[in-house]
Amino acid sequence: MPDTAAWEQKAVEISDNIQKRHTPFKTVLDPQYAAPTSTVLEHYARAGDSAIWTGHYLAAEAFRYKVTASTAALANLQRTLEGLQSLVDITGTGLLARCLFPEDWEFASAAIREECRHGIRRGTVDGDKYLWVGNTSRDQYSGVFFGLGAAYDLVDNEAFRSSIRTLVTQLLEFLLKHLWTVVMPGGALPECPGRSISTTFIGRPEQQLNFLQIGRRVSPERFAGEYKKFRTFFAAFTFSQLPLEALDTHGSYFKFNLAAINLYNLVRLEETRSRSLRHYRHAYGILRNAVRDHGNAHFNMIDRALNGADPVRDQETLRLLEDWLKRPEDDGFMDLRQPPWNHPACPPPDDRGCNVVPVAERVRTDFLWQRSPFLLFGGGAGTIKGSGIDFILPYWMARYYEVL
């Protein structure tokens, strides 16, 4: 049994650090320094995934608040929700932006260079001028809805819930209006035009149903009918994409995180006697069978939430969290085929190992649990510092679901 006595203090420290260093504009960004040991901030990185990790962070703080009733957690929740709201306000259409930053920000040019491929546009929030990043993906929407769905039920504060209701309504109205297709407005910077249509949810019924399920939860008078109508036609197809995705348990591994965070709210919010729940659980079963042996604390906690206690799995989760604490916070490059690790490769592809890599040794990345546990090499220059959301989310879920 791991010694978990100091874990809460570590989790609180991570949250404090996120507020101090990772949320300059209330959404999650990762600071990049001049050198691995430098304290000189060069700019912020990974801005294109700000929305998805801000959604995960909202969920983490919501579980923390439910467990501890911490006033700091509630303040973090409010600030984070304001950040997510700003990602919708900035676009002017109800569209979700990937991230935003002030036009006159000292690191604006670096952010533009890094995210230019996604398209950059101008907008205002509360009279202040910002630039925002478009080409919004299904990942970003899924992360935001995951956080909003969890936080609505965990935070018993009507003003906070009202803000969630407003945001969910805006997001869903946009998607319904545009027939589940993410359409960008005009006005992109000429040098960073991006695409006019960034993605579509057509063909992903589990994601559409999840968003409407959350809409029904927060605003039944507006979305219950929409959800039930959609459920009638598409609940039986919830699993449709998952068998194909499960054939490859290494490539595009983030697909499993998207499945997990969408099915979490879709399954848990469905009526026990609903015939559709059988379809949802079938879809979840495909996912769980694909990742069961991957040493993934995040997926284990979602399984705990949906399937209840399992002593073997739950003890594994604690060991995985203990090993996470042994990991460096930077993105330094690693090649696990070389000494001192010497993990054998089983290509193709040549970055896949034969066995699941222990958590403490896995390649350093943004959110560990969305990366293949077989990955043998990757990383950067060791100058980007991770947020630690991949610890605090499963940790506070473990507290809430009484694994700890």
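All but one of (1) in a helix (DSSP H, G or I); (2) open to solvent by 50 Å² or more (accessible area, probe 1.4 Å); (3) touching a Ser or Thr at 6+ places or on another chain (Cβ under 7 Å) hold for residue 83; which doesn't?
Status for residue 83: all satisfied but (2).
Which residue, of 186, 119, is at pLDDT below 95 and farther than 25 Å from residue 58 by Cα? Don't jump to the end; show me each part of the working.
Details: 119 fails: at pLDDT below 95.
Of 186, 119, the one residue that is at pLDDT below 95 and farther than 25 Å from residue 58 by Cα is 186.
For the condition among the β-branched types (Val, Ile, Thr), under 16 Å from residue 291 (Cβ atoms) and touching a residue at least 12 places away in the same chain (Cβ under 8 Å), what is the one hit in 363, 359?
On the way: 363 fails: under 16 Å from residue 291 (Cβ atoms).
Of the residues listed, the single one that is among the β-branched types (Val, Ile, Thr), under 16 Å from residue 291 (Cβ atoms) and touching a residue at least 12 places away in the same chain (Cβ under 8 Å) is 359.
I'm checking my understanding of the structure. Among residues of segment 276-286 that are among the hydrophobic types (A, V, I, L, M, F, W, C) and open to solvent by 10 Å² or more (accessible area, probe 1.4 Å), which one is nearest to residue 368 (Cα to Cα)?
Initially, segment 276-286 is screened for residues among the hydrophobic types (A, V, I, L, M, F, W, C), giving 277, 283, 286.
Restricting the remaining residues to those that are open to solvent by 10 Å² or more (accessible area, probe 1.4 Å) gives 277, 286.
Numbers: 277: 30, 286: 21 Å.
Among residues in segment 276-286 that are among the hydrophobic types (A, V, I, L, M, F, W, C) and open to solvent by 10 Å² or more (accessible area, probe 1.4 Å), the one nearest to residue 368 (Cα to Cα) is 286.
Just the residues that are surrounded by fewer than 18 Cβ atoms within 10 Å (Cβ to Cβ) and either assigned to a loop (DSSP other than H, G, I, E, B) or in contact with a Cys (Cβ under 7 Å, 6 or more places away or on another chain) (or both), please, taken from segment 194-209.
Of everything in segment 194-209, those that are surrounded by fewer than 18 Cβ atoms within 10 Å (Cβ to Cβ) and either assigned to a loop (DSSP other than H, G, I, E, B) or in contact with a Cys (Cβ under 7 Å, 6 or more places away or on another chain) (or both) turn out to be 195, 196, 202, 203.
The conditions are (1) assigned to a loop (DSSP other than H, G, I, E, B); (2) touching a residue at least 12 places away in the same chain (Cβ under 8 Å); (3) open to solvent by 60 Å² or more (accessible area, probe 1.4 Å), and residue 42 fails exactly one of them. Which is it?
It fails just one condition, (1).
Would you pick out the residues in segment 126-136 that are open to solvent by 20 Å² or more (accessible area, probe 1.4 Å) and at negative phi?
In the first step, residues of segment 126-136 are kept if they are open to solvent by 20 Å² or more (accessible area, probe 1.4 Å); the result is 126-130.
The answer is 128, 129, 130.
Within segment 368-375, can one find any residue that is crowded, with 16+ Cβ neighbours inside 10 Å, under 21 Å from residue 52 (Cα atoms) and either of a type in the set (Phe, Trp, Tyr) or in contact with a Pro (Cβ under 8 Å, 6 or more places away or on another chain) (or both)?
The first filter runs over segment 368-375 and keeps only residues crowded, with 16+ Cβ neighbours inside 10 Å, leaving 368-375.
Narrowing the set further to residues that are under 21 Å from residue 52 (Cα atoms) leaves 368-373.
Narrowing the set further to residues that are either of a type in the set (Phe, Trp, Tyr) or in contact with a Pro (Cβ under 8 Å, 6 or more places away or on another chain) (or both) leaves 369.
Among the residues of segment 368-375, at least one is crowded, with 16+ Cβ neighbours inside 10 Å, under 21 Å from residue 52 (Cα atoms) and either of a type in the set (Phe, Trp, Tyr) or in contact with a Pro (Cβ under 8 Å, 6 or more places away or on another chain) (or both), which makes the answer yes.
Name the pairs: first residue in segment 134-154 and touching a residue at least 60 places away in the same chain (Cβ under 8 Å) and assigned to a helix (DSSP H, G or I), second residue open to solvent by less than 10 Å² (accessible area, probe 1.4 Å) and among the aromatic types (Phe, Trp, Tyr), Cβ to Cβ under 6 Å, at least 6 apart or on different chains?
That search, which allows pairs on different chains as well, returns 145/211.
Quick check: is even one residue across segment 338-348 open to solvent by less than 30 Å² (accessible area, probe 1.4 Å) and aromatic (Phe, Trp, Tyr)? Lay out the reasoning, then the answer.
Within segment 338-348, the first condition is being open to solvent by less than 30 Å² (accessible area, probe 1.4 Å), and the residues that meet it are none.
The answer is no, given that none of the residues of segment 338-348 is open to solvent by less than 30 Å² (accessible area, probe 1.4 Å) and aromatic (Phe, Trp, Tyr).
For segment 23-39, give me each residue that is open to solvent by less than 60 Å² (accessible area, probe 1.4 Å), under 15 Å from residue 98 (Cα atoms) and touching a helix residue (DSSP H, G or I) at 6+ places or on another chain (Cβ under 6 Å).
27, 28, 29
The values are calculated or read from the model by the stated rules, or taken from the named source; none is laboratory data. These numbers were taken from a predicted model, which means no experiment stands behind them. Positions of Cβ are generated from backbone atoms using ideal geometry, with glycine treated the same way; all protein chains shown enter the neighbour counts. Calculation scope for accessible area: heavy atoms of the full protein, side chains included, ligands and nucleic acids excluded. Shrake-Rupley method; radii C 1.70, N 1.55, O 1.52, S 1.80 Å.
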